[in-house]
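Heads up, the thing below is written out as structure tokens.
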Amino acid sequence: MRTLPLAIAPVALGTGAGVVMLGYLDEPFHPWRAVLALVVALALQVGVNYANDYSDGVRGTDEHRVGPARLVGSGAATPRQVLTVALAFFGLAAIAGLALVVLTQQWWLLAVGAAAIVAAWFYTGGKRPYGYSGLGELFVFVFFGLVATAGSTYVQALGVNLESWTGGVGVGLIACAVLMANNLRDVEQDRIAGKRTLAVLVGPLVGRILFAVFMLAPFAVTVFWALLYPPAWLVLFALLAALPACAIVGWARTPRELIIGLQLASVTALAYGIGMGLAFAY
């Protein structure tokens, strides 16, 4: 799936920030906690994709879709089958999260995990999905940016540092860019279907500008930390994907072009998250 890098990036960055804290505390790195955090993030990402497929499909929203065909909307799978897969991945995320809670003995993290699953479902699920009210980018920023990054740091060092919070802002903004590109592709169809995404609310022109802001602002974080962690300068090479993504989305005329922009944004997220994580841990 094109959005899986959005799950990997915050875990990589957050784990690297955690290594920084472990160094100050003179404590060892916990590889299994990093693996479990990655399983949680990946399972939630896959789960939310299937949940969106199910919810949009049963609502009829995908009847107007111009992007890649979905399972329910195209009739390739029944709603029940897609829902079952979504719930299975949410269950996997819950099991991995519970294992992390047991390892860290931080039982309050159960509430964070539950909130993440609830947010994943109600993006397009329920009677009043927040994704239909222009709040998708906000929740993506919070959960696939701040929460995923800070959570990955916390399970390592039982604390969160400035490297983690600012890095979470960076990966969260790029995740918002991916969602914006996706919604710009379907903006006219979503308007017809009554799906009021942020792209629908602000219009295509402002949406394209926001995409560029979401993509490029994270590199200010990179420059800031590169002054203390010199390997972070190498993360600026991710601009080789980010800048073309901004140009393509800015002047795109077809859904295919916007999909290419989305793919480049996902590549940027992966390079950014892994690169910043390695720079911190180096």
>> Give me the residue from segment 1-24 that is of a type in the set (A, V, I, L, M) and under 14 Å from Glu163 (Cβ atoms) and, out of that set, surrounded by the most Cβ atoms within 10 Å (Cβ to Cβ).
In response: Leu13
>> Every residue in segment 227-282 that is assigned to a loop (DSSP other than H, G, I, E, B) and modelled with pLDDT under 95, please.
In response: Ala252, Arg253, Thr254, Tyr282
> For segment 1-59, what are the residues that are within 15 Å of the chain's Cα centre (by Cα), part of a helix (DSSP H, G or I) and polar (S, T, N, Q)?
Replying inline: Gln45, Asn49, Asn52
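Of the residues Ala120, Ala175, which single one is more than 19 Å from Leu13 (Cβ to Cβ) and among the aliphatic types (A, V, I, L, M)? Outline the logic, then answer.
On the way: Ala175 fails: more than 19 Å from Leu13 (Cβ to Cβ).
Only one candidate passes the filter, namely Ala120.
Would you confirm whether any residue within segment 37-60 is farther than 30 Å from Arg185 by Cα, in contact (Cβ under 8 Å) with a residue 60 or more places away in the chain and not β-branched (Val, Ile, Thr)?
The first filter runs over segment 37-60 and keeps only residues farther than 30 Å from Arg185 by Cα, leaving 37.
Applying the additional criterion that residues be in contact (Cβ under 8 Å) with a residue 60 or more places away in the chain yields 37.
Next, only the ones that are not β-branched (Val, Ile, Thr) stay: 37.
Yes, segment 37-60 contains at least one residue that is farther than 30 Å from Arg185 by Cα, in contact (Cβ under 8 Å) with a residue 60 or more places away in the chain and not β-branched (Val, Ile, Thr).
Got a sec? Which helices (runs of 4 or more DSSP H) wholly within segment 94-210 have at least 3 residues that are in contact (Cβ under 8 Å) with a residue 24 or more places away in the chain and open to solvent by less than 50 Å² (accessible area, probe 1.4 Å)? Walk me through how you get there before you give the answer.
Details: elements: 109-122, 136-141, 148-157, 162-185, 187-193, 198-202.
Because the criterion is at least 3 residues that are in contact (Cβ under 8 Å) with a residue 24 or more places away in the chain and open to solvent by less than 50 Å² (accessible area, probe 1.4 Å), the helices (runs of 4 or more DSSP H) in segment 94-210 that meet it are 109-122, 136-141, 148-157, 162-185, 187-193.
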> For segment 257-282, what are the residues that are without any contact (Cβ under 8 Å) to a residue 40 or more places away in the chain and over 17 Å from Val169 (Cα atoms)?
Replying inline: Glu257, Ile260, Leu264
> touching a Lys or Arg at 6+ places or on another chain (Cβ under 7 Å) and farther than 14 Å from Val40 by Cα - does that describe any residue in segment 147-169?
Replying inline: yes
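The values are calculated or read from the model by the stated rules, or taken from the named source; none is laboratory data. A quick note: this is a predicted structure, and the numbers were derived from the prediction, not measured. Cβ atoms come from the backbone with ideal geometry, glycine included; neighbour counts cover every protein chain shown. For accessibility, only protein heavy atoms count, side chains too; no ligands or nucleic acids. Shrake-Rupley method; radii C 1.70, N 1.55, O 1.52, S 1.80 Å.
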